[in-house]
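Below is one structure, written out as structure tokens; the observations come after it.
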Amino acid sequence: MTDLASRPAQAPEAGARRRRAIGAQRLSDATILLLLIGMIAAFSVLTPAGTFLSLSNFESVLLTASQLLILSCGTTFLLIAGGLDLSIGAVTVFSAVVVAKVMGALAGTAAQAADFQYPNLAVAVAAAVGGGLAVGLGWGVLNGVLAVRTRIPPFIATLATGGIVLGLASVWTDGQNVQNVPLPFQTGFGLGKLFGVVPWPIVIAAVVTAVSWVLLAKTRFGLHTYAMGANLEAARRAGIDVGRHMVLLYAGMGALCGLVAIIDVGRFGTASITSHSGDGLAAIAAVVIGGTSLFGGRGRISGTIVGALIPAVLQSGFVIMDVQPFWQNVAVGVVLLVAVYVDQVKIRAQTRA
Amino acid sequence: MKRIIHTLAACVLAAGLAGCGSGSTQDAASSGSGTLRGKKIAMLLNDQFDPYYLTLVEGAQAEAKKLGIEFSWQAPATLDVASQTQLLQSIAARKPDGIIMSALDAKAMIAPMKQVMAQGIPIVTVDADVADPSARLATIASDGEAGGRLAATTMSELLDGKGKVAFIGYTPGVASTDARLAGWKAGLKEAPGLTPVAERYDGADLTTIAGTVTAVLKRTPDLNGIFANWGNPTLAAAQAVQAAGKSEQVKIVGFDASPDQVSLLKRGLVSALIIQKPGEMGATAVADLAAYIKDGTKPKDTTVDAVVATQSNMDDPEVAKYFYKGKQ
Amino acid sequence: MTTGASDPGAYAVRVRGVRKRYGHVEALRGVDLDIAPGEVHALLGDNGAGKSTLVKVLAGAVTPDEGSIEIGGRRHRFTSPRDAQRAGIETVYQDLALAPTLPPDANLFLGREPARPGLLGRLGFVDRKAMREAAGTHLRSLNSKVQDLGAEVGSMSGGQKQAVAVARAAMWGSALIMMDEPTAALGVAQTESVLDLIRRIRDEKGLPVLLISHNLPDVFSVADRVTVLRLGRRVLTAPIGEVTATGLIEAMTGADTLRGAS
């Protein structure tokens, strides 16, 4: 029997191709981290000592990034599996309305709230948190079922559900911020810190990120997510219930929106209709900047962390340098272009095979 | 990017809810004046969500009901000149007896408005006017510049005339933002003890605005005051200042008086609110148009002033009546 | 091994009287097929002869209207590809059905990943080390040239991809490996390596292979027996030594009917 490895005709060529592909992967992972480090270094030099480069600013940047990071974790899974969710901003707003309304209604009467008295606070918070998560999850399931059953491209399907969800939230609230969120929820949770050190939103974002990382990298669920985005038909033939898996991913995304909504209500004591309008694209941008392929099958949470931090770092740096935030959009756009270009190079290296 | 998703979402919203923000009152049969019976006034709004505009509608609606005029209002799905022009044309096509609108762009809206006026439909602008007075019959302005000036005076009083202050706005180029900024700057000139250290624009997202305010506090740790140009920056600035533990040091002067802003004032997290009187503007606009329709009385330009609400005067009914309407 | 023994138990897979009708078209009109243990059995036929329908029936992708499938003497009825896989039939499709962004080991174990022992396993943790080692051992046993178990399959050559797909089938198949035109897209050297792989599956693993091919030189190079379908019927089954290329073409086109027709 011939040893196939000894055939010289093709092995070197294939090897070179493989090295190119792997090289591109490592390049993008490393370049994006280097870029972030470069930004931090530049801002540290360009801003007065103790302003940008300080522990408290580090905390502020993480706090600003925490919500985008949570949404980006869910988006990483979706993009890897070949899905997409543009409705996450709207679902977050809707969930926030539910959280604020439920909490305000159950905590006590309007008269009691006017005097900042909340006799049923514990019940109200529990119900509101549960309700926010459940409603987010529910919209996620709807998105998933639409994506799986109707075959409407998710770009369109979630764009539509996003409009519907935001519309319903606006109709429900007359477009106004929801009032009477119990103050202790804001002071205890939204402004509160774990052990008096780490703000709760950062703690939650860290837990979500860690769980996402493990789920994606270590488990069967994660592997199947990659397989679906790489070749949906292959995943189906391998016996993976791709429909169920996809619905689960969208449902998880929705639940994460609910989580962000809870943080939002905690921080600002209100549910604001006009917030989160750019979250869907911002999350996709962060995830793609982090090296996840728009074409599915490839991506990592580590990259997503970097991608989600970049806008917050730019914002903090630019404000402290007193540069207008429009430059932040310019910078994120440029980084996004570079990231997608590298992604394309990778795909080309692969399909040459 | 935000803009795109906002526009797209709004388009879908518009398609989904068919015409989005609109409403009408048809009380023409009630006791009103004979010559005004069956007359129609249409109002073109910039935003169907903002309590400010909703209060404006309420004032106009109440006045129309009193006069027996049929009143309807609409808001475009997106805040751009093209969609406002389109909406204006479609409203004009229904031949109302008068139109009340707030111009999105002081220059770009001149031509489409003149076109409508040429069709014999009078236009009165409220809140935001155009640069050419011949493009409308009259303007009922809430003097944004005076409001900004009032904010500076109020800030100066709060800080005993001395300190570092920041401005947080929606986005440059929007007439109301620019007017308030101009008034704020003019007011600061008269209060030489106040040093402006930052001028930021951050759209509508609470998280983003809070991040910016936090960074402003990093840049200027000894900041004394923030003028938050509208509702969301007021909320976000209060949160960021509180999170930074600087509620004592940094006084916040907000603009507008939505219920959650009033709640912040009550809790002392915001020191003062500059309140416009959108209800009065709406009522005046309808009354002016009605008079013109009835006997051709050409209305005069009117400026509606603003009031300052602080913790000490907020329970005074004369102040509290200007708090914007919030639905629960 | 390659003789047409009459004892039913001597066959790994026995197909009897399979019919499948799509509307007015009768794709299979009562086809019998016997595949002996450890033989490479080539399935030939012109377009529309019913080859792909028969393969789909065996793969569980199509449920026949009539007829039976016996594996090792036991009757089976497949209503899904999963059923066929459980019965030990693995198929290498023409598109290979590989996940290009995953490494070979993850592809070999796709949908059947080994779990970590204990609680972690129950939580869905994959034992990647075990997976990589088992994949390496298996690929080496097939003398596969796929060496870099960390590389993405998508970055590999066509022959290597084919090797991964075939290795996966050989790993999980216990009754029959079906290959649909495995060499159609390959160059000469790569074709030769795939044919080697097929022989190895037969010789090292002792598994029968059903090879669907248009390529007569391939068939003569690797097959032990050959079956020809025409218009939904079996027209020929014979040891490869007893047929000629001309004879096969005549059987496929209907120019003549050799012996063995049903």
For region A:212-222, does any single residue satisfy the condition of being among the hydroxyl-bearing types (S, T, Y) and either within 22 Å of the chain's Cα centre (by Cα) or within 14 Å of chain B (Cβ to nearest Cβ) (or both)? yes
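Condition first: of a type in the set (S, T, Y) and more than 18 Å from the chain's Cα centre (by Cα). Now tell me which residues in region B:63-100 satisfy that.
So in region B:63-100, the residues of a type in the set (S, T, Y) come out as B:72, B:78, B:83, B:85, B:90.
Result: B:S72, B:S83, B:T85, B:S90.
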Could you check how many residues of region A:106-137 are touching a residue at least 24 places away in the same chain (Cβ under 8 Å), part of a helix (DSSP H, G or I) and surrounded by fewer than 17 Cβ atoms within 10 Å (Cβ to Cβ)? 2
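Hey, could you check region B:154-195 for residues that are β-branched (V, I, T) and assigned to a helix (DSSP H, G or I) and say which is modelled with the highest pLDDT?
First, pick out the residues of region B:154-195 that are β-branched (V, I, T): B:154, B:165, B:168, B:171, B:174, B:177, B:195.
Subset that is assigned to a helix (DSSP H, G or I): B:154, B:177.
Details: B:T154: 93, B:T177: 81.
The residue in question is B:T154.
Of all residues in region B:96-144, count the ones that are touching a Gly at 6+ places or on another chain (Cβ under 6 Å) and either open to solvent by 50 Å² or more (accessible area, probe 1.4 Å) or of a type in the set (D, E) (or both).
Of the residues in region B:96-144, the ones touching a Gly at 6+ places or on another chain (Cβ under 6 Å) are B:122.
Checking which are either open to solvent by 50 Å² or more (accessible area, probe 1.4 Å) or of a type in the set (D, E) (or both) leaves us with none.
Final tally of qualifying residues: 0.
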Which numbered condition in (1) more than 10 Å from chain C (Cβ to nearest Cβ); (2) without any contact (Cβ under 8 Å) to a residue 24 or more places away in the chain; (3) more than 14 Å from the chain's Cα centre (by Cα) is the only one that A:A206 fails? (3)
Residue count, region B:281-328, condition part of a loop (DSSP other than H, G, I, E, B) and hydrophobic (A, V, I, L, M, F, W, C), comes to 3
Considering each of A:Q344, A:Q324 in turn, give the residue that is more than 10 Å from chain B (Cβ to nearest Cβ) and open to solvent by 40 Å² or more (accessible area, probe 1.4 Å). A:Q344
How many residues does region C:185-227 contain that are closer than 17 Å to C:S174 by Cβ and of a type in the set (G, A, S)? 1
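Residues that are farther than 21 Å from A:R220 by Cβ and facing chain A (nearest Cβ under 8 Å): which helices (runs of 4 or more DSSP H) entirely in region C:108-175 hold 1 or more of them? Explain how you work it out, then say what you get.
Numbers: elements: C:118-122, C:128-141, C:158-172.
By residue number, C:158-172.
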Which numbered condition B:P233 fails, given (1) crowded, with 24+ Cβ neighbours inside 10 Å; (2) free of Cβ contacts under 8 Å to residues at least 60 places away in the same chain; (3) not in a strand (DSSP E or B): (2)
Looking at region B:147-159, is at least one residue crowded, with 21+ Cβ neighbours inside 10 Å and charged (D, E, K, R)? yes
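Which strands (runs of 3 or more DSSP E) sit wholly inside region C:3-98 and have at least 3 residues that are open to solvent by 40 Å² or more (accessible area, probe 1.4 Å) and farther than 15 Å from C:L176 by Cβ? Before you say what the answer is, go through the steps one by one.
Working: elements: C:13-22, C:25-35, C:40-45, C:66-71, C:74-76, C:89-92.
In region C:3-98, the matching strands (runs of 3 or more DSSP E) lie at C:13-22, C:25-35.
The values are calculated or read from the model by the stated rules, or taken from the named source; none is laboratory data. Here the structure is a predicted model, which is why all the values come from computation and not from measurement. Using ideal geometry, Cβ is built from the backbone for each residue, glycine included, and neighbour counts are taken over all protein chains shown. We work out accessible area using only protein heavy atoms, side chains counted, and drop any ligands, DNA or RNA first. Shrake-Rupley method; radii C 1.70, N 1.55, O 1.52, S 1.80 Å.
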